Amino acid sequence: MQKKLLPSILNADFWKLGSLIEATLKAGADGLHMDIMDGHFVPNLTFGPSVVGNVARRVETFIDSHLMIENPSFYIPSFVENGSNAVSVHWETEKHLHRTVSLIKNLKALAGVVINPATPVEFLKEILPFVDYVLIMSVNPGFGGQKFISTSLRKIEKLKNLLVELNLEDKVAIEVDGGIKLNNVEDVLKAGADWIVVGSAIFSSSSEKEVADNTRRFKEILSKFDQ
Ligand code: DX5
Ligand code: ZN
């Protein structure tokens, strides 16, 4: 499975968002991770479909929208209409997850399911045949700049083993999100991750040059793992 570096814009300097996004994409980012928060499912509020649309209309890239919101089904069409190529919903927010995953796929976007740190991988067994990717949260969702929860590595391995057991390892990507830095990204990749979300370790600075340099450092490591 092709490795992807997906910078999260959550911690970017929004005063300079356009030039910082261009800097990370020019430096090799494989797309953008959009952290959508509603202040209910998570204790923070970010942006909605219109910001995603603004970005998608300006840059040709893979847009991965991570919905940390209650009642995600209601908003999914709008996120896809505004340019999301992939939409992930939290297992913890959906009573009818198969219906929601089908909605995303019928809208011709990649469908992902997200689990919080305390939610076991095993809960996903029945939905795995229907999704394109699984997002494992390695922090409690809501904020960038948090510390990587070390038990996440074992969880990534468990998911990888489950996908192999179900013969889905070439169909379902493993995305990992939260607390990923230059000093732990290799462990995350070794555990089996395919898509790597990085927020503050790329966007901690408002300098386009530093954002580009940070991006290149992560891409160098990911390229070592590309088969
Ligand atoms: C947290 C978000 C993450 C976060 C990643 O709720 O889902 O995408 O922005 O930021 P860092 O890499 O700083 O943990
Ligand atoms: Zn995220």
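The values are calculated or read from the model by the stated rules, or taken from the named source; none is laboratory data. No experiment lies behind these values; they were computed from the predicted model shown. When we count neighbours, we look across all protein chains shown, and the Cβ atoms used for this are built from the backbone with ideal geometry, even at glycine. We work out accessible area using only protein heavy atoms, side chains counted, and drop any ligands, DNA or RNA first. Shrake-Rupley method; radii C 1.70, N 1.55, O 1.52, S 1.80 Å.
Brief remarks on what is shown
- Filtered residues of region 174-203 (kept if more than 15 Å from ligand 2 (Cβ to nearest atom) and either in a loop (DSSP other than H, G, I, E, B) or surrounded by 15 or more Cβ atoms within 10 Å (Cβ to Cβ) (or both)): LYS181, LEU182, ASN183, ASN184, VAL185, ASP187, LEU189, ALA191, GLY192, ASP194
- Residue match in region 40-56 (condition: touching a residue at least 24 places away in the same chain (Cβ under 8 Å) and assigned to a strand (DSSP E or B)): no
- Taking region 107-119 as the range and being open to solvent by less than 50 Å² (accessible area, probe 1.4 Å) and within 14 Å of HIS90 (Cβ to Cβ) as the test, the residues that pass are ALA111, GLY112, VAL113, VAL114, ILE115, ASN116, PRO117, THR119.
- Residue list for region 70-86, restricted to those being within 20 Å of GLY39 (Cα to Cα) and open to solvent by 10 Å² or more (accessible area, probe 1.4 Å): GLU70, ASN71, SER73, PHE74, TYR75, SER78
- With respect to the conditions (1) within 16 Å of ligand 2 (Cβ to nearest atom); (2) open to solvent by 40 Å² or more (accessible area, probe 1.4 Å), VAL89 lacks only one, and its number is (2).
- Selection within region 123-157 - within 13 Å of the chain's Cα centre (by Cα), within 14 Å of ligand 2 (Cβ to nearest atom) and open to solvent by 30 Å² or more (accessible area, probe 1.4 Å): GLY144
- Restricted to region 158-168, and to residues there that are assigned to a loop (DSSP other than H, G, I, E, B) and open to solvent by 30 Å² or more (accessible area, probe 1.4 Å), the residue that is farthest from ligand 1 (Cβ to nearest atom) is ASN167.
- Matching entry among SER223, SER206 (being part of a loop (DSSP other than H, G, I, E, B), touching a residue at least 24 places away in the same chain (Cβ under 8 Å) and surrounded by fewer than 22 Cβ atoms within 10 Å (Cβ to Cβ)): SER206
- Set side by side, the residues ASP35, ASP64 differ, and just one is within 15 Å of ligand 1 (Cβ to nearest atom), touching a helix residue (DSSP H, G or I) at 6+ places or on another chain (Cβ under 7 Å), among the charged types (D, E, K, R) and modelled with pLDDT of 95 or more, which is ASP35.
- Some residue of region 146-161 being at positive phi and at pLDDT 95 or above: no
- Annotation: GLN2 fulfils all but one of (1) at pLDDT 95 or above; (2) assigned to a loop (DSSP other than H, G, I, E, B); the unmet one is (1).
- Contacts under 6 angstrom Cβ, first residue in region 1-21 being within 30 Å of ASN167 (Cα to Cα), partner away from ligand 1 (no atom under 14 Å from the Cβ) and among the basic types (Lys, Arg), 6 or more apart: LEU5/LYS219
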